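Inspection log for the structure reproduced underneath, given as structure tokens.
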Amino acid sequence: MPGTAGPPAAAGLVADTLPASAAAEACTVTYAVQSQWPGGFQGNVSITNLGSPMTSWTLAFDFPTTGQRVTQGWSGTWSQTGTRVTVTNASWNGSLGTGATTWTGFIGAFSGTNPVPTGFSVNGHACNGPVTTTPPTTPPTTPPTTPPTTPPTTPPTSPLPGGAAPALRVSGNKIRTATNAQYRLLGVNRSSGEYACVQGKGQWDFGPVDQASVDAMKTWKIRALRIPLNEDCWLGLSGTPSGATYQQGVRDYVNLLVANGINPILDLHWTRGEYTGNISACADVAATCQKPMPSMQYTPQFWTSVANAFKGNNAVVFDLFNEPYPDASNNWSDMPAAWRCLRDGGTCTGITYEVAGMQDLVDAVRATGATNVLLVAGLTWTNDLSQWLAYKPNDPLNNIVASWHSYNFNACVTSSCWDSQIGTVAAQVPVHAGEIGQDTCAHDYIDQVMSWLDTKRLGYTAWTWNPWGICGSSGNVLIEDYAGTPTQTYGEGFKAHLLAVSS
């Protein structure tokens, strides 16, 4: 939001025609336990084909104990007999060229211990390729002030219809699921991960990130939650908590949301870099406010780390940079230069640090092997998409969504502007309205925005799921409390609309 300060063991993948001897060296598989709670866990498997191109695959493995079992799965057809588990590709991920990667995942149950599976094979051929294993992790309970250290007493329960949040991908100008169904990211923002750690307010501004708080979101039919993050706190440069503790807090929340059917959108909101130019939000080099562009010094490092943490889980979406404004930093004197700055980075007028462009960030994510959907912003705090298509960064996976923000106080606030700017982009790539809102605590403006987006079958996440107590007089606050009580007018209006379109 403009100006917001915030109150797997190894196995392989080979062509059916390869002999077993070749199969053993033509593939890699990564098995990871994304999250674990008493008696249950979420597992992900990414599969890379190092052999000849193939059109279909069946992956098999063995659980070491009789107490382990798959209860539901996605991105493939799962079955289990005794301790033997098999998964056959879905319609959209069976064809894999040499070097291509896909993934599949499941929710499992266990009694006693939960050891890593063994005996991985693909299409009946055992594979002795490189082994990468991520050990089980245990998500903590929700802390009032600092990241917790104890596991939850119960696993995530009562997921939205369809169970865990779907893996997502871009196809043409639509976001689709593993079953090839079009999917709209409909939900809200949960601010605090960007500011609390640098303002002495813990990680989530003392707000809950437990099952009860997620259940409250589900009463609104929320199926996407945009989570603003702080670069310094993730990288351990400053803030409390920071580094590994902050990262684990994000992982735990993401895992809880995914298990409950809610797609997390990880948004890089506050970044490092000294900026004192036009419309400066702060003079601090630390990540204590919104900067006009990410820095080459730290932001590719941030996205390399985040992508490594969540690759293999394509239910998670990456929003590369919240609201760029390099056009403001050069006083709107050279818009082509501002668009080049957005895409290519480097030296940008009015910005003293070396800028990381959106291409740098796309490259950083893809270099890790992560295949997650990426949101890429426009100019003018992400309200201007007029030249977005001309300056779209290259993604070898073509898995990019245009990010758009719309508030009543922005420049592009009419249906004619939306038709000419946003509609033109949406005809070629998906568009997601990462932030919508209005500073009057009414809902007349967002009603217009949502109606327009509904006609285009585009998603939106409203600002903000935080009980800041300020909506009585002004702006963008959806709830009175974390039990999900809507604020009068603005919150009530958005909730009613979301329930209507979700049903």
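Numbers at a glance
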read-out	value
Output for segment 306-330, where each listed residue is under 27 Å from Asn255 (Cβ atoms), surrounded by 24 or more Cβ atoms within 10 Å (Cβ to Cβ) and of a type in the set (Gly, Ala, Ser)	Gly312, Ala315
Condition met for Ser503 (farther than 20 Å from Arg176 by Cα, at pLDDT below 95 and open to solvent by 30 Å² or more (accessible area, probe 1.4 Å))	no
Residue ID - farthest from the chain's Cα centre (by Cα), chosen from residues in segment 299-356 that are acidic (Asp, Glu) and over 27 Å from Tyr246 (Cβ atoms)	Asp334
Yes/no for Ser46 being open to solvent by 10 Å² or more (accessible area, probe 1.4 Å), hydroxyl-bearing (Ser, Thr, Tyr) and over 24 Å from the mean Cα position of the chain (by Cα)	no
Test: Val70 is crowded, with 19+ Cβ neighbours inside 10 Å, modelled with pLDDT of 85 or more and out of contact with any Pro (no Cβ under 8 Å at 6 or more places or on another chain)	no
Conditions (1) out of contact with any helix residue (DSSP H, G or I) (no Cβ under 9 Å at 6 or more places or on another chain); (2) surrounded by fewer than 20 Cβ atoms within 10 Å (Cβ to Cβ): number failed by Arg226	(2)
Residue, least open to solvent (accessible area, probe 1.4 Å), within segment 171-204, restricted to residues that are more than 25 Å from Pro486 (Cα to Cα), in contact with a Leu (Cβ under 8 Å, 6 or more places away or on another chain) and not in a loop (DSSP other than H, G, I, E, B)	Ile175
Test result for Thr83, among the hydroxyl-bearing types (Ser, Thr, Tyr), at pLDDT 80 or above and open to solvent by less than 70 Å² (accessible area, probe 1.4 Å)	yes
Positions within segment 6-43 being touching a Cys at 6+ places or on another chain (Cβ under 9 Å), open to solvent by 10 Å² or more (accessible area, probe 1.4 Å), at pLDDT below 65 and under 29 Å from Leu256 (Cα atoms), in sequence order	Ala10
Unmet criterion (only one of (1) open to solvent by 10 Å² or more (accessible area, probe 1.4 Å); (2) more than 22 Å from Trp404 (Cβ to Cβ); (3) touching a Ser or Thr at 6+ places or on another chain (Cβ under 9 Å)) for His497	(2)
Selection within segment 49-67 - open to solvent by less than 60 Å² (accessible area, probe 1.4 Å), of a type in the set (Ser, Thr, Tyr) and over 21 Å from Phe110 (Cα atoms)	Ser52, Ser56, Thr58
Odd one out for Ser56 among (1) outside any strand (DSSP E or B); (2) under 17 Å from Phe41 (Cα atoms); (3) of a type in the set (S, T, N, Q)	(2)
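The values are calculated or read from the model by the stated rules, or taken from the named source; none is laboratory data. Here the structure is a predicted model, which is why all the values come from computation and not from measurement. A quick note on method: Cβ atoms are made from the backbone with ideal geometry, for glycine too, and the neighbour counts reach across all protein chains shown. The area values use the complete protein model at the heavy-atom level, side chains included, leaving out ligands, DNA and RNA. Shrake-Rupley method; radii C 1.70, N 1.55, O 1.52, S 1.80 Å.
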